[in-house]
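**Q** Dropping a structure here in structure tokens format, bear with me for questions.
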Amino acid sequence: MSRLYRILIVEDEQIERSALTMMIKYNRSDIQEIRTAANGGQALEEFRAFLPDIVFMDINLPGINGLDVIRQMKLVPGVQPRFVVVSAHSQFAYAQEAMRLDVQDFLVKPISLEDITGVLDSLTREIDQSRSQKERAVSQQEKFNAIRPVLESDCVLSVASLRSTTPIATIFDFMQISVTSGFVFILRGEGVGGVLLPEVKARMRNMGIHCIGEMIRDDCVCIALSSQHIRPWSVQEMMQHLSNTFSRSGLTVSIGVGGIANHADDLRRSYEQAMASIRTAAQDQAALPDGEDNVLSAVAEEAAGLCHSIRMGSREAVGPQVHGFFDRSAALPREKLWEQAYWMYVMVVSSFTEYASGLQPLSAERILAIRDRDTLEEVLTRSFETLAQFHDSQDSGQSNQLVARTIRIVRQQFRQDLTLDSVAEELNVSLFYLSKLFRKHTGVTFTEFLTQTRIDHAKQLLSKEEMSVKEVAYATGFNSQGYFSKIFKKYTGFAPSEYREDAPPAETGSRASAGKA
């Protein structure tokens with residue numbers, strides 16, 4: 001069965017617009033919908049809402065000309081239509097500019113049925129090929145995602161020398177993970193299990209690190225991987241952040257960390273070091289030099305007070321708290337004071353990773369390079385005040401705007417391969433923060449909202465009886481008919497074919513209720 005295509009006709013002359021519409025509509029059986037626009041502004045509005053497969057664009061439009069409209073359409077993310085330029089003049093300059101814009105065809109008025117048929121035959125073949133390639137890519141990705149946990153497990157077991165038939169670097173290549181450096185860390189203690197691992201992966205991902213892991217006996221063995229060189233101080237930040245996360249969740253977890261490996265094969269040595277570190281931590285509940293466990297507890301109390309002020313949006317309280325910390329630590333040698341100040345900074349900032357994208361982070365090198373106490377106090381105070389201000393603004397009107405923009409993107413782009421990750425990137429916010437914010441304001445997850453939006457549009461299309469179930473699936477953003485049918489029945493209680501048989505021309509209240517059941 002041939003697929004269906006959406007066409008946008010941009011033509012300022014009503015007679016020519018209608019003629020072209022009729023010529024296509026009554027001579028093609030593979031057109032899903034045709035929309036028209038009389039000027040550039042209408043064209044851009046329709047384009048963003050309609051997301052056509054093919055655009056027929058007249059050059060001589062009132063106001064902005066057709067070629068400029070095409071330029072703006074090409075800036076819209078997530079859509080790659082075929083453009084056909086229509087002109088009353090076969091001027092070389094027009095054709096030359098159209099070629100620069102990668103326009104697929106150039107028709108000179110008056111346009112014959114033969115011209116239209118030839119162009120549409122050629123373009124629909126291209127679109128079918130592109131769709132087939134995308135479907136194959138999606139299918140391959142689904143298969144890869146299905147075996148990915150097995151590959152991750154095999155990689156971790158290989159690093160732990162429990163299974164070494166496949167070279168580690170080969171596994172990384174197959175998983176398409178670009179690795180420049182990495183290290184192994186091991187979690188042991190109360191609450192460590194399969195449920196903890198996804199949380200650890202998410203936390204590491206928020207810090208820009210790819211993390212894979214596996215439970216080996218009672219230990220959660222994790223491998224942190226990066227395409228960049230990992231610095232020792234950043235490892236300390238990551239582990240401190242994880243430790244704070246466990247503490248806030250009421251978990252008692254020991255962490256053993258291995259050295260940084262700059263080659264895949266060196267990860268086995270990092271694993272051995274992590275095992276030695278976790279054994280030390282298990283024998284003596286903290287793998288710190290004598291007395292430093294008490295020091296960290298005191299610094300943690302200082303950080304907790306600052307976190308409270310930041311959450312309350314109390315910028316005025318931050319300065320006195322930082323000053324009090326330096327006063328209470330005045331008797332310490334300079335090196336120890338600077339080190340504790342850095343620990344406090346890491347503890348505070350790691351508690352607000354969902355907001356910290358608005359903060360220019362301070363590296364260990366930068367903090368340790370500050371020469372005098374007053375400057376260090378000022379730098380830390382300014383950083384915490386900025387974080388308090390950012391936290392406060394994000395929790396007010398800006399959060400509502402982010403959620404509204406997310407909803408708008410879903411409603412405009414639900415037909416595409418849309419993910420929370422791509423939306424977060426488009427909005428320039430962290431994935432974790434957007435996920436948390438969206439659920440807080442809507443009561444559902446992003447995936448649930450996206451799926452419900454797709455199902456609602458699928459019900460509308462099924463009620464019209466113009467498209468097959470398979471065509472409806474692809475027209476609403478699903479990658480396969482089988483998956484669409486499964487999700488549709490989950491959300492509505494009906495298989496798509498059952499829904500179509502029983503659905504009235506306009507959806508009734510009882511059917512809407514069934515969809516929510």
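**Q** Give me the 1.4 Å probe accessible area per residue for the stretch 1-78, excluding ligands and nucleic acids, in Å².
**A** Numbers: 3660 Å² over 78 residues.
Here the per-residue accessible area is 47 Å².
**Q** While we're on this one: Residue by residue, what Karplus-based ³J(HN,Hα) values in Hz, rounded to whole numbers, does the stretch 219-227 have, using 6.51, -1.76 and 1.60 with θ = phi - 60° and x for Gly and Pro?
**A** 9, 9, 8, 10, 10, 8, 10, 9, 7
**Q** Beyond a 27 Å Cα-Cα separation, which of these cross-linked pairs lie in this structure: Lys134/Lys486; Lys201/Lys490; Lys25/Lys470?
**A** Among Lys134/Lys486; Lys201/Lys490; Lys25/Lys470, the Cα-Cα distance tops 27 Å for Lys201/Lys490.
**Q** Okay, moving on. Determine ³J(HN,Hα), in whole Hz, for all residues of the stretch 7-16 in sequence, where each value follows from phi through the Karplus function 6.51 cos²θ - 1.76 cosθ + 1.60 and θ = phi - 60°; x replaces Gly and Pro.
**A** 10, 10, 10, 10, 8, 7, 8, 4, 4, 5
**Q** Pulled fully out, how much extra length does the chain show between Arg439 and Thr117, if you take 0.36 nm times their separation in residues and subtract their Cα-Cα distance? Mind showing how you got there, number by number?
**A** On the way: separation 322, 0.36 × 322 = 115.92 nm, distance 4.84 nm.
The Arg439-Thr117 span can extend by a further 111.1 nm.
**Q** Now for a separate question. Using r as the Cβ-Cβ distance of Gln32 and Ser153, and R0 as 51 Å, what FRET efficiency do you calculate, to the nearest 0.05?
**A** Computed FRET efficiency for Gln32 and Ser153: 0.70.
**Q** Let's test the formula: R0 of 45 Å, r as the Cβ-Cβ distance of Gln452 and Asp218. What FRET efficiency results, to the nearest 0.05?
**A** For Gln452 and Asp218, the calculated efficiency is 0.65.
**Q** OK, next. Heavy atoms only, probe 1.4 Å: what % of the accessible area of the stretch 1-51 goes to carbon and sulfur, would you let me know?
**A** Details: 1220 of 2660 Å².
Carbon and sulfur: 46 percent of the exposed surface of the stretch 1-51.
**Q** Return the FRET efficiency for the residue pair Glu135, Gln389: r is the Cβ-Cβ distance, R0 is 45 Å, and the value is rounded to the nearest 0.05.
**A** Computed FRET efficiency for Glu135 and Gln389 comes out at 0.40.
**Q** Once you place label points 7 Å from the Cα toward the Cβ at Tyr483 and Leu427, how far apart are they in nm?
**A** 2.3
**Q** Also, I was wondering about something else. Enter the accessible area per residue of the stretch 180-273 (Å², integer; probe 1.4 Å; all protein chains in place).
**A** For the stretch 180-273, the per-residue accessible area is 44 Å².
**Q** Each residue of the stretch 448-454 in order: what ³J(HN,Hα) in whole Hz does its phi give by Karplus 6.51 cos²θ - 1.76 cosθ + 1.60, θ = phi - 60°, with x for Gly and Pro?
**A** 3J(HN,Hα) across the stretch 448-454, in whole Hz: 5, 5, 4, 5, 4, 4, 5.
**Q** Between Arg411 and Asn65, with labels modelled 7 Å along Cα→Cβ, what's the label distance in nm to one decimal, could you check?
**A** 3.6
The values are calculated or read from the model by the stated rules, or taken from the named source; none is laboratory data. What you see is a predicted model; the values in this text were computed from it and never measured. Heads up, the Cβs are rebuilt from the backbone with ideal geometry, glycines too, and the neighbour counts pull from every protein chain shown. Ligands, DNA and RNA are stripped out before the accessible areas are found, and what is left, the full protein with its side chains, is counted by its heavy atoms. Shrake-Rupley method; radii C 1.70, N 1.55, O 1.52, S 1.80 Å.
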